[in-house]
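Notes to accompany the following structure.
The values are calculated or read from the model by the stated rules, or taken from the named source; none is laboratory data. Everything quoted here is computed from the prediction, not taken from an experiment. All Cβ positions, even for glycine, are placed from backbone atoms using ideal geometry, and neighbour counts span all protein chains on display. Heavy atoms of the whole protein, side chains included, go into the accessibility calculation; ligands, DNA and RNA do not. Shrake-Rupley method; radii C 1.70, N 1.55, O 1.52, S 1.80 Å.
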Amino acid sequence: MSLLAVTPDPLDLPALIRSVSGSRAGDGAVASFVGLVRDHNQGRRVSFLDYEAYEPLAVRALTRIVDEIAQAWPDTLVGVHHRTGRIEIGEASVIIVVVSPHRAHAFAACRYTIERIKQIVPIWKHEHFEGGDVWLEGATADPDDESARQTAYRIACA
Amino acid sequence: MRVTIRLFARLRDLAGAGELVRDVEGPATVQSVWKGLVAEMPSLGEYERTMSVAVNADYSRMSASVNDGDEVAFLPPVSGG
């Protein structure tokens, strides 16, 4: 299983944990994050989300995040799978797994990964709610924006 | 020369297509491809200040040069996760 993927298929956290942690006997910690589709957003009753990605650039952006993590927390290994297409309430849209010899780096790198995904990975939520639909727009993606990267790092280490 | 333009999310909805092939005059930049697109579809212009751009599926800048056969993508602010 590839450690980085953007896929229309349902996500499998136990399988990703096995892939990330399988070959590293020196690891003592696994941190994971699962992002779920929730039934409300900004006062709207959400029916489902439809995720769109620019897949080759999304994988490149995830690779960049992994490279940044290798610099900041060199003893970690990261796996990220992001789902695309229609995702129902309660289903996972993203799963992140980080292994490390110790918990501090695993937690920090896991948080850093989701913060950076929201900054620079070209994926969009199309929210379908009771009475309409709307494209959600967050950050203008700029991987070279050092202040954004520092913000993600500060949040990760808070 | 000929370029492929990729549009995503609301930009794609506004244009009514996610992929457009256009003949552009060289030497071209991402900026000149964008100007041509907005001349054709003025409603896209609201994204000029907030979008990101990519050339051949790699993040780029408005000033970057564009060559025959390139894929130029215009990306609204992202909302993954």
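In region A:4-156, if the dipole is taken from +1 on Lys/Arg beta carbons and -1 on Asp/Glu beta carbons about the Cα centre, which of A:41, A:10, A:66 is farthest to the positive end?
Towards the positive end, the residue furthest out is A:66.
Beyond 27 Å, how much of the Cα-Cα pair distribution for chain A remains, as a whole percent?
Working: 2976 of 12403 pairs.
I get 24 percent for the Cα pairs in chain A exceeding 27 Å.
Using only atoms on other chains, find how many Cβ atoms lie within 10 Å of each Cβ of peptide B:55-64 and report the average.
Per residue, the number of nearby Cβ atoms from other chains is 3 on average.
Using alpha-carbon pairs under 8 Å, 6+ residues apart, how would you state the relative contact order of region B:2-75 in percent?
43 percent
Would you mind calculating the gained length between residue A:17 and residue A:70 on full extension (0.36 nm times residue separation, minus the Cα-Cα distance), in nm to one decimal?
17.3 nm
Would you mind getting the accessible area per residue of the protein assembly as shown, heavy atoms of the protein chains only, 1.4 Å probe, in Å²?
Each residue of the protein assembly as shown exposes 47 Å² on average to a 1.4 Å probe.
Using only protein heavy atoms and a 1.4 Å probe, how much accessible area in total is buried between A and B, to the nearest 100 Å²? The partial results should precede the final answer.
Values: alone 8620 and 4920 Å², together 11260 Å².
Counting protein atoms only, the buried area is about 2300 Å².
From the phi of every residue in region A:13-18, what ³J(HN,Hα) in whole Hz does the Karplus formula 6.51 cos²θ - 1.76 cosθ + 1.60 yield, where θ is phi - 60° and glycine or proline is x?
5, x, 5, 5, 4, 4
Per DSSP H run of n ≥ 4, the term is -39500 (n - 2.57); total these for chain A, divide by its residue number, and report the mean residue ellipticity at 222 nm rounded to 500 deg cm²/dmol.
So the calculated ellipticity at 222 nm is -11500 deg cm²/dmol.
Relative contact order, percent, of region A:48-103 when contacts are C-alpha pairs under 8 Å separated by at least 6 residues?
For region A:48-103, the relative contact order is 42 percent.
Could you tell me how many degrees, from 0 to 90 and to the nearest 10, lie between the Cα long axis of helix A:55-72 and the main elongation axis, the longest principal axis, of the Cα atoms of chain A?
Relative to chain A, helix A:55-72 is tipped by roughly 40 degrees.
Across peptide A:97-107, what mean number of C-beta atoms from other chains lies inside 10 Å of a residue's C-beta?
0
Quick one: helix B:30-40 against the long Cα principal axis of chain B, what's the angle to the nearest 10°, folded into 0 to 90?
Helix B:30-40 sits at roughly 70 degrees to that axis.
Using a 1.4 angstrom probe on the protein heavy atoms only, line up A:157, A:110 by accessible area, largest first.
Reading off the accessible areas and sorting them downward yields A:157, A:110.
At 222 nm, what helix-only mean residue ellipticity would chain B give, in deg cm²/dmol to the nearest 500, using -39500 (n - 2.57) for each DSSP H run of four or more? All intermediate terms of the calculation are to be shown ahead of the outcome.
Working: 2 runs with 18 residues, N = 81.
Rounded to the nearest 500, the figure is -6500 deg cm²/dmol.
In square angstrom, rounded to the nearest 10, how much accessible surface does residue A:50 have for a 1.4 Å probe?
Approximately 50 Å² of residue A:50 is accessible to the 1.4 Å probe.
Report, in degrees rounded to the nearest 10, the 0 to 90 angle that the Cα long axis of helix A:146-156 makes with the longest principal axis of chain A.
Orientation of helix A:146-156: about 80 degrees from the principal axis.
So how strong a dipole does the protein assembly as shown carry about its Cα centre when Lys and Arg Cβ are +1 and Asp and Glu Cβ are -1, to the nearest 20 debye?
The calculation lands at about 640 debye.
Out of the total accessible area of region B:2-75 (probe 1.4 Å, heavy atoms of protein only), what percent is carbon and sulfur?
Details: 1650 of 3630 Å².
Carbon and sulfur together cover 45 percent of it.
Name the residue, out of B:22, B:49, B:12, whose mean-square fluctuation peaks in a Gaussian network model built on chain B with Cα pairs under 10 Å.
Among B:22, B:49, B:12, the largest mean-square fluctuation in the Gaussian network model of chain B belongs to B:49.
Which of the GluC sites (Glu not before Pro) found in chain B are in a DSSP loop and have at most 12 neighbouring Cβ atoms, other than their own, within 10 Å?
Answer by residue number: B:25.
Per residue of B:2-10, how many C-beta atoms from partner chains lie within 10 Å of its own C-beta, taken as a mean?
3
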